[in-house]
Structure formats: structure tokens, C-alpha cells
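Presented below is the structure to which this report refers.
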Amino acid sequence: MSYSPDTMAKRHRLAYDDAFGAVLLDPERDTPQGVIGPRGKAANKRFNVYRNNVTHGLVNALCEIFPAVTLILGEQNFRMIARDFLRARPPSSRLVFEYGHEFADFLAGFAPIQHLRYLPDVARLERAWLDAYHAADRTPLAPSALGAFAPERLATALFTPHPATKLIASDYAVHTIFMAHRKGPMPERINASVAEAALVTRPLLDVRVHKLDRGQFHFLQALCQGATLQKAASRALENHPSFDLSTAIALLIESGAFESCRSCSVTDEED
Amino acid sequence: MARESAVHSAIQRRFPAFDPAGRAGASFKPQHFDAIAADPASVGFVEVHAENYMGAGGPPHASLTEIRKVLPVSLHGVCMSIGGHNPIDREHLARFASLVERYEPFKISEHLAWSTHDDVFFNDLLPLPYTDETLARVCEHIDQVQNTIGRPVLLENPSTYILFCESEWAETDFLREIVKRTGCGLLLDINNVFVSATNHGYSATEYLADFPLQHVGEIHLAGHDEQEDDEGSPLLIDSHDRPVADPVWSLYEMVIDERGPIDTLVEWDSEVPDWPILRSEATAAEHILDRYRGRQQRMNRHVLQS
């Protein structure tokens with residue numbers, strides 16, 4: 001395939017964003033050709049303003065999305081890791097508050113911090129917190145909703161999760177670490193090796209983070225996946241023999257984790 | 001009358017229509033919500049970055065809804081990537097259009113810049129060369145935006161740190177031609193004019209003399225940082241993290257003297273101060289607007305009487 005000089009010129013001219021895109025996130029690469037200062041003078045420091053803006057802006061965004069991880073690592077360390085992350089996984093969404101869903105996995109694979117095994121789950125919980133913050137508005141399930149069921153039908157109740165609801169289970173004390181760092185430096189020594197699970201909800205405007213025992217986690221997870229109340233309770237008991245159903249139902253209502261419930265129909269049971 | 005229109009808007013579930021003509025406003029930051037809600041008359045309008053309100057729900061929409069009940073809001077897009085090579089992202093444009101529908105902004109603006117390329121979002125306003133090809137593409141993108149939202153947009157002049165060898169158009173001519181082809185208006189950012197003029201060694205006054213002021217629907221003012229380029233010459237950075245600089249105020253007064261009062265926004269996006277400090281910047285702009293508004297009214301009276 002050959003190009004006429006005209007087409008070549010056109011291709012060259014339209015390449016400005018290709019040229020920028022290829023080097024903006026890579027400090028080792030040269031300033032793109034055709035980029036100049038006034039009267040044709042050098043533009044390396046000038047071009048680096050864009051590099052700095054892009055990197056600084058996205059690193060700041062990650063600091064804001066992951067404040068507890070920032071505190072745990074120390075801001076300087078966090079910023080170096082965040083910079084590596086954004087070079088490896090730059091954002092594809094134009095909404096900065098959607099950035100960083102892959103950050104927890106990146107931390108898990110980052111060799112120098114392998115000893116902080118709880119850290120990826122803390123990052124997952126922080127990311128879930130921001131997802132809940134921006135989730136769609138829905139009125140949570142009214143406390144009276146369960147009372148509307150005939151007692152013999154209650155076991156067949158199905159629940160629709162509220163859009164803000166997120167569940168996270170960890171082998172580490174993810175809830176305790178998260179709560180301890182959301183309001184400043186860690187106040188006391190935490191035993192990180194206690195397995196914990198967390199439920200994130202936003203019934204109205206405030207995001208809430210509840211600590212769950214193993215049974216409650218499996219109960220709520222089953223309900224979110226479309227199991228009936230009875231099946232969810234069985235699953236919880238299998239995983240956690242001392243599971244207490246009445247406490248879990250109270251949590252289901254008070255946390256605002258669901259937006260509606262209905263009785264299981266024949267078609268639901270076929271599924 | 002005020003009560004009637006409030007009742008009407010409650011029934012229609014629509015916001016009040018304000019007329020902030022020739023007033024000064026400020027960037028809206030969530031931390032200033034209480035102060036602004038307690039005294040909305042302290043500022044003429046507020047402006048928001050559209051992308052901050054593109055989540056599905058939650059506190060951002062709740063606070064903007066409350067603010068919109070008491071103040072006019074202008075919607076300022078930062079990520080449409082109008083100056084980019086790639087087509088306009090339809091999903092992003094649809095989100096933008098739904099904000100226009102939801103909040104009934106009195107002004108809508110975007111940038112002569114790009115921020116996304118081949119699915120990577122760079123989160124910055126990046127420059128483009130001014131050529132016949134980029135002109136056609138920018139106009140195509142603006143047509144698409146305006147057709148989708150059903151309203152004209154104001155296009156903002158950029159602050160830039162570099163130039164392109166291949167540029168064939170002066171920025172002011174480029175903007176004038178965009179207005180002619182698309183019917184859009186312009187958002188004149190006077191800090192950007194001063195930053196670019198200093199960085200590229202031309203006169204901000206001459207740039208403004210050549211700027212199609214008759215098409216300006218809004219003015220932006222902001223603070224900038226001072227650094228140095230490769231040769232140690234001043235390189236200004238459009239940082240929006242401090243008060244408006246004195247030379248920018250002088251240029252602003254010159255523009256208002258020439259054109260009369262134009263809705264003016266003081267932007268502050270980083271190192272955001274307490275509300276009284278940001279409000280005092282908007283008040284300073286308002287004083288300049290008032291001075292020329294008074295003069296304009298006296299001149300009108302004089303014309304009528306003579």
C-alpha cells in the first residue's frame with residue numbers, strides 16, 4: 001500500500017494525540033516530534049508539565065480513593081506504588097471516581113509489600129466504599145416489609161440488593177483496620193490475622209460499613225445471589241454452626257442492604 | 001410572585017429559572033455547601049465540573065440538587081475530549097446530556113482540548129495543533145454535542161505549555177472559525193490567556209484585541225503557578241490553587257470595559273480555601289462588573305435623554 005504525499009501529511013498531522021499518548025506516562029521517552037517552545041526553542045520541560053499534570057492528578061485521585069491504604073503505607077510509599085500502578089493500568093473511564101478497581105490486585109502482586117497481606121482487602125473495602133457513595137439512590141426496604149409476609153411464606157422471601165450494597169470477606173481483620181484508619185493514624189495495635197467480613201451499605205446518603213461474622217456474610221451473600229431466606233439461612237449454618245438467624249434478619253433490615261423483597265414464585269423455584 | 005413560582009416549580013419538579021446576567025460566581029466545592037446554602041445571595045452563581053456529577057446517585061447529586069434550588073448553576077465539562085482524534089464517546093455524551101436535562105444549567109461549556117485517546121483517560125486538558133483538519137474535527141464534535149443536548153455550548157480557550165510546528169492557524173482565528181461554523185459561543189478564560197501569552201512570548205493584550213469578544217458568554221478567572229522552562233524563562237502553570245493574579249485582574253477589567261458585564265466565574269480547584277476567601281475573589285469580580293454596569297446604565301440614560 002502506498003500513500004500520496006498528501007495522505008502522508010494528513011496522517012502525520014493527525015498523529016498529535018497518538019504521539020502524546022505514547023509518551024505521557026513514560027518518563028524515559030522523548031518529547032514528541034513537532035512539539036516546540038516559542039520561536040522553535042526546546043520544549044522538554046514544557047512537555048513535562050503535561051506528564052506531571054497527568055501523573056500527579058491520577059496519583060492524587062488514588063490517594064483520595066484509598067486513604068487508609070495511604071496511611072498504612074505512608075504517603076510517599078503510596079505515591080510511588082500508585083505511580084507504578086497508573087503506568088501499568090491507566091484509567092479507561094473518564095470518571096476519576098471509578099478508577100482503581102484493579103488496584104487491590106496490583107497491591108497483591110507487588111513484591112515489596114507482600115508481608116502486608118491484609119492490604120489488598122483493605123483496598124477492596126475502600127474501593128467498595130466509594131462505589132457505594134456514588135451508587136444509585138433507592139429507598140431501602142422498610143422494617144415493616146417482612147411483617148407483610150404470612151408466617152408460612154417468610155421462608156420463601158427473596159430480596160433485591162440495594163445498588164450500594166457490597167460484601168467483602170477476608171482472611172484478615174479488614175473491617176477493624178479500615179475503621180481504625182479512616183479517621184487518622186492507627187490508634188492501637190491491631191491483630192491483623194483475625195478473619196473478618198464487611199458489609200457496605202448506603203441506605204440514604206451516608207455510607208455505612210458493618211462488621212459481619214462468617215455466618216452473616218454467607219447469609220447476606222446468598223440473599224444477594226437470589227437465594228430464598230430459608231436457603232440463605234441454611235448456607236449460613238453450614239459455614240457457621242452458631243449462626244443466629246434473628247440477629248441476621250435484624251441486620252438485613254437495619255443495614256439497608258436491600259431495596260425490596262417478595263415471595264418466591266413457582267418460576268423462581270424452577271431457576 | 002416568588003412564592004407562586006416556587007409552587008409552580010414544585011409541581012413541575014423543575015428548578016427556578018434565575019437570571020444571573022452579568023454576575024460573578026464561584027466553583028462549587030462540596031465542603032462549601034453549608035456556607036453557600038446559608039447565604040446563597042453571597043454569590044451570583046456556581047459552576048460544577050460535569051464529571052463529578054456523573055455517578056448514579058449519592059451525596060453529590062443530593063447537594064447539587066439543593067444548591068440548584070437556590071442558585072443558578074453552570075455546567076462545565078472537562079472530559080468530552082472535543083479536541084481529540086477519536087470520535088466523541090457516546091456514553092459520555094449521553095451522561096452529559098442527562099445532567100443538562102436534570103439540572104437545567106444556565107450555561108454549558110467545554111474545552112478546546114483532549115483528554116482521552118485510544119481508551120486511555122489522561123485526566124488533563126491536552127493541547128492540539130491548529131490545522132484545517134483539526135478544525136474540521138473539532139467542529140464535527142461540537143455539532144454532535146450541541147445536537148445531542150439541544151443547546152449551544154461555550155468553548156473555552158486553553159492554557160498551553162507547548163506549541164506544534166504543524167499549526168497553521170492563530171488560536172483566535174481558530175476559535176472565530178469554530179464559532180462561525182458551529183454557532184457555539186466562547187468561554188474566555190483570561191488566566192489561560194495570560195498563562196499562554198507568557199509561556200509563548202506574545203502579548204495578552206494583543207491576543208484579547210484579536211479575540212471575538214462579541215461571542216463570549218462567560219469569563220473564567222483563576223490563579224496560576226510560576227515555574228521556568230528549559231532556558232530559565234518564566235513558565236506559568238494553570239494551577240487553579242491560589243487567588244487570581246494582578247495582571248489577570250487588569251486584563252479582566254480591560255475586557256469588561258470593552259464588552260460590558262459578562263457572567264464571570266472564579267475557579268479554584270486545588271488547595272481549596274474556606275468559602276469566605278473564594279467568595280471574596282468572586283466579590284472582587286462583582287465589583288468590577290458593577291462599576292461597568294453602572295457606567296453602562298448611565299450611558300443608556302444619556303442616549304435616551306439626548
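Each residue of the stretch B:210-218 in turn: what ³J(HN,Hα) in whole Hz from Karplus with 6.51, -1.76, 1.60 and θ = phi - 60°, glycine and Pro shown as x?
Going residue by residue, I get 9, 7, x, 4, 5, 9, 7, x, 7 Hz, with x marking Gly and Pro.
Size of the dipole of the stretch A:117-271 about the Cα centre, Lys and Arg at +1 and Asp and Glu at -1 on the beta carbon, nothing else charged, in debye to 20?
500 debye
If I take R0 = 25 Å and measure r between the Cβ atoms of B:Ser233 and A:Arg29 in this structure, what FRET efficiency does the formula 1/(1 + (r/R0)^6) give, to the nearest 0.05?
Values: r = 24 Å, r/R0 = 0.97.
About 0.55, to the nearest 0.05.
Can you sort A:Asp244, B:Asp246 from fewest to most other Cβ atoms within 10 Å of each residue's own Cβ? Can you show the working numbers first?
Details: A:Asp244 15, B:Asp246 8.
Listed from fewest to most nearby Cβ atoms, that is B:Asp246, A:Asp244.
Calculate the FRET efficiency for A:Thr247 and B:Arg151 from the Cβ-Cβ distance with a Förster distance of 51 Å, rounded to the nearest 0.05.
That pair, A:Thr247 with B:Arg151, gives E of 0.40.
Go through A:Leu58, A:Ala155, B:Ala62 and say which Cα lies farthest out towards the positive end of the charge dipole of the protein assembly as shown; charges sit on Cβ, +1 for Lys and Arg, -1 for Asp and Glu.
Going by the charge dipole, the pick is A:Ala155.
Nearest 500 deg cm²/dmol is fine: what mean residue ellipticity at 222 nm does chain A get from its DSSP H runs of n ≥ 4 alone, each adding -39,500 (n - 2.57), divided by its residue count?
Numbers: 12 runs with 128 residues, N = 271.
When only DSSP H runs of four or more count, the value is -14000 deg cm²/dmol.
What is the magnitude of the charge dipole of the stretch B:1-146 about its Cα centre, with +1 placed on the Cβ of each Lys and Arg, -1 on the Cβ of each Asp and Glu, and no other charges, expressed in debye to the nearest 20? Numbers along the way, then the final one.
On the way: 12 positive and 19 negative charges, 148 e Å.
Roughly 700 debye, rounded to the nearest 20.
Mind putting together the pair-distance distribution for the stretch A:1-98? All Cα pairs, 5 Å bins, whole percent per bin, short to long.
For the stretch A:1-98, the pair-distance distribution reads 2, 11, 17, 17, 15, 12, 10, 7, 4, 2, 1, 0.
May I ask you to sort A:Lys183, A:Lys211, A:Lys166 by Cβ crowding, counting other Cβ atoms within 10 Å and putting the fewest first?
A:Lys183, A:Lys211, A:Lys166
Which residues' amide hydrogens lie under 5 Å from the amide hydrogen of B:Leu236, considering only partners 5 or more residues apart or on another chain, with H built in the peptide plane?
B:Asn199, B:Gln227
Enter the mean number of other protein chain beta carbons within 10 Å of the beta carbon of each residue in B:157-164, as an integer.
Numbers: counts 0, 0, 0, 3, 10, 15, 10, 8.
Mean number of neighbouring Cβ atoms from other chains: 6.
Taking A:Lys183 as the anchor, which lysines have their alpha carbon closer than 23 Å to its alpha carbon, excluding any fewer than eight residues away along the same chain?
A:Lys166, A:Lys211, B:Lys29
Which distance in nm do the two modelled labels at B:Ala21 and A:Phe149 give, with both placed 7 Å along the Cα-to-Cβ direction?
6.2 nm
Sort A:60-70, B:17-27 by the packing proxy (mean of other Cβ within 10 Å over each peptide's residues), most packed first. Before the final figure, lay out each step's value.
Working: A:60-70: 20.1, B:17-27: 18.5.
Packing order, densest peptide first, comes out as A:60-70, B:17-27.
Where is the GNM fluctuation largest for chain A (alpha-carbon springs, 10 angstrom cutoff): A:Ala136, A:Ala108, A:Ala248?
Of A:Ala136, A:Ala108, A:Ala248, the Gaussian network model singles out A:Ala136 as fluctuating most.
Relative to the compact-globule scaling 2.2 N^0.38 Å, provide the ratio for the alpha-carbon radius of gyration of the stretch A:118-271.
Ratio of Rg to 2.2 N^0.38 Å for the stretch A:118-271: 1.08.
Please work out the Cα convex hull volume for the protein assembly as shown and give it in Å³ per residue.
Given the Cα convex hull of the protein assembly as shown, per-residue volume reads 215 Å³.
In peptide B:57-63, what is the residue-averaged number of other protein chain Cβ atoms found within 10 Å of each Cβ?
Mean number of neighbouring Cβ atoms from other chains: 6.
Largest first and in whole Å, what are the equivalent-ellipsoid semi-axes of the stretch B:168-278 based on the Cα gyration tensor, each being the root of 5 times an eigenvalue?
Equivalent ellipsoid of the stretch B:168-278: 23, 19, 12 Å, largest first.
When the helices in chain B are scored as -39500 (n - 2.57) per DSSP H run of 4 or longer and the sum is shared across all residues, what 222 nm value do you end up with, to the nearest 500 deg cm²/dmol?
-14000 deg cm²/dmol
Determine how many Å³ per residue the convex hull of the Cα atoms of chain A encloses.
Normalising the Cα hull of chain A by residue number yields 218 Å³.
Amide H neighbours of B:Glu47 under 5 Å, counting only residues 5+ apart in sequence or on other chains, H built in-plane at 1.01 Å?
Residues meeting the criterion, in which the H sits 1.01 Å from N, are B:Ala26, B:Ser27, B:Phe28, B:Ser74.
Based on the alpha carbons, how large is the Rg to Rh ratio for the stretch A:141-182 when Rh follows Kirkwood? Don't jump to the answer; show the numbers that get you there.
Values: Rg = 16.4 Å, Rh = 13.7 Å.
A ratio of 1.19.
Report the label-to-label distance for B:Asp225 and B:His302 in nanometres (one decimal), using points 7 Å from each Cα along the Cα→Cβ vector.
4.6 nm
Report the one residue of B:His302, B:Ile288, B:Leu236 whose Cα lies farthest in the direction of the positive end of the charge dipole of the stretch B:232-306 (charges on C-beta: Lys and Arg +1, Asp and Glu -1; origin at the Cα centre).
Final value for the positive-end residue is B:His302.
Using the Karplus curve 6.51 cos²θ - 1.76 cosθ + 1.60 with θ = phi - 60°, work out ³J(HN,Hα) for each residue of the stretch A:146-161 in order, rounded to whole Hz, and write x for Gly and Pro.
Taking θ as phi minus 60°, the curve returns 6, x, 6, 7, 5, x, 6, 9, 4, 4, 9, 5, 10, 10, 9, x Hz for the stretch A:146-161.
More than 34 Å apart: what percent of Cα pairs in the stretch B:17-305 qualify?
Summing the P(r) tail past 34 Å for the stretch B:17-305 gives 17 percent.
If we count every other residue with Cβ under 15 angstrom of A:Ala248's Cβ, Lys/Arg +1 and Asp/Glu -1, where does the sum land?
0
May I ask you to sort A:Arg127, A:Arg89, A:Arg153 by Cβ crowding, counting other Cβ atoms within 10 Å and putting the fewest first?
With the fewest neighbours first, A:Arg127, A:Arg89, A:Arg153 line up as A:Arg153, A:Arg89, A:Arg127.
Select from B:Asp290, B:Asp230, B:Asp189 the residue whose mean-square fluctuation is largest in a Gaussian network model of chain B (Cα-Cα springs shorter than 10 Å).
Looking only at B:Asp290, B:Asp230, B:Asp189, the biggest GNM fluctuation is shown by B:Asp230.
Relative contact order for the stretch B:17-305: what is it in percent, counting Cα pairs under 8 Å that are at least 6 residues apart?
18 percent
Quick check: from the Cα gyration tensor, does the stretch A:83-127 come out rounded (a/c under 1.5), prolate or oblate?
On the way: a/c = 3.57, a/b = 1.55, b/c = 2.30.
It comes out oblate by the Cα gyration axes.
Could you tell me which residue out of A:Ile168, A:Ser265, A:Leu223 lies farthest along the dipole of the stretch A:117-271 toward its positive end? Charges go on the beta carbon: Lys and Arg +1, Asp and Glu -1, centred on the Cα centre.
The residue sitting most towards the positive pole is A:Ile168.
For the stretch B:30-100, max minus min Cα coordinate along each principal axis, in Å, sorted largest first?
44, 24, 18
Using a simple spin-label model with points 7 Å from Cα along the Cα→Cβ vector, what separation in nm is obtained for A:Ser234 and B:Arg90?
For A:Ser234 paired with B:Arg90, the spin-label model returns 4.6 nm.
Pull up all non-local amide H partners of B:Ile108: gap of 5 or more, or a different chain, and H-to-H distance under 5 Å with H placed in the peptide plane.
B:Leu75, B:Leu154
Tell me, what HN-Hα J-couplings in whole Hz come from the Karplus equation 6.51 cos²θ - 1.76 cosθ + 1.60 at θ = phi - 60° for each residue of the stretch B:120-131, using x for Gly and Pro?
So the Karplus estimates, Gly and Pro as x, are 10, 9, 8, 6, 8, 8, 9, x, 9, x, 9, 10 Hz.
Only the coordinates and a few stated rules stand behind these numbers; no lab work does. It should be emphasised that the depicted structure is a prediction, and the values quoted were computed from it without experimental measurement. FYI the Cβ positions are ideal-geometry reconstructions off the backbone, even for glycines, and counts take in every protein chain you see.
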